[in-house]
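Participant: Pasting in a structure now, in structure tokens, and then I'll have a few things to ask.
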Amino acid sequence: MSDKVFPSSKPATNGTAAAAASNPPNATANKSHLYNPTSRPPYRPQPHTRRHRSRSGRNICCCFCFWTILTVLLLLLLAVITGAALYILYKPHRPTFTITSLRIHRLNLTASADSSVSHLSTLFNLTIICNNPNSHLSLDYEPFTVSAISDGNGVFLGNGSLPAFSLGKKNQTSFRKRCGFCVERS
């Protein structure tokens with residue numbers, strides 16, 4: 001096979017172009033570093049410089065939103081697990097209130113002569129039983145009022161108050177109260 005000769009990229013001066021064209025260059029002289037590893041410069045890796053990339057505002061906002069939502073979801077999950085554990089542990093039930101006795105001792109309706117004003121006075125004896133079915137929970141009540149309203153037409157008969165009390169675990173408390181009411185209607 002014949003070797004191909006390529007003209008040099010620089011024009012020859014002093015008439016050496018004809019001598020260069022007639023005498024082809026030695027191929028191994030130009031490519032000696034490819035065939036002789038000792039003449040090649042050794043590989044020296046460059047030290048790795050860590051570039052600090054500045055985060056864009058959008059990236060920071062997305063990261064903040066992600067961690068905020070993740071934190072809220074984890075707190076919500078923890079609250080649900082805690083609530084379920086407490087519910088299973090205590091098994092709460094509603095207390096029951098039962099009126100066992102209601103006696104009307106006095107019911108007096110008086111009207112004025114011109115029938116523009118009526119006066120209703122009542123006196124009730126009331127017995128209420130409060131029952132706490134819970135075995136792990138005790139209940140404390142503040143004073144509260146009891147109102148009496150007629151069933152047919154919704155006439156307000158009066159109200160009375162019961163004192164503060166505490167229901168212990170699996171306890172039943174009974175109240176006997178005399179409530180007097182006085183209502184004026186025009």
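The values are calculated or read from the model by the stated rules, or taken from the named source; none is laboratory data. Quick caveat: nothing in here was measured; it's all calculated off a predicted structure. Methodologically, a virtual Cβ is constructed for each residue, glycine included, from the backbone with ideal geometry; neighbour enumeration extends over all protein chains shown. Calculation scope for accessible area: heavy atoms of the full protein, side chains included, ligands and nucleic acids excluded. Shrake-Rupley method; radii C 1.70, N 1.55, O 1.52, S 1.80 Å.
For (1) among the small types (Gly, Ala, Ser); (2) in contact with a strand residue (DSSP E or B) (Cβ under 9 Å, 6 or more places away or on another chain); (3) under 30 Å from TYR87 (Cβ atoms), each residue gets a yes or a no:
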residue	(1), (2), (3)
SER116	yes, no, no
LEU120	no, yes, no
ASN131	no, yes, yes
HIS136	no, no, yes
LEU139	no, yes, yes
VAL146	no, yes, no
LEU162	no, yes, yes
LYS169	no, yes, yes
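Participant: ALA79 passes all but one of (1) modelled with pLDDT of 90 or more; (2) of a type outside the set (Lys, Arg); (3) closer than 30 Å to THR173 by Cβ; which number fails?
Facilitator: Going through the list (1) modelled with pLDDT of 90 or more; (2) of a type outside the set (Lys, Arg); (3) closer than 30 Å to THR173 by Cβ, ALA79 breaks only (3).
Participant: Hey, any hits in the range 116-123 for a residue that's modelled with pLDDT of 85 or more and open to solvent by less than 70 Å² (accessible area, probe 1.4 Å)? Steps first, answer last, please.
Facilitator: In the first step, residues of the range 116-123 are kept if they are modelled with pLDDT of 85 or more; the result is none.
No, the range 116-123 has no match at all.
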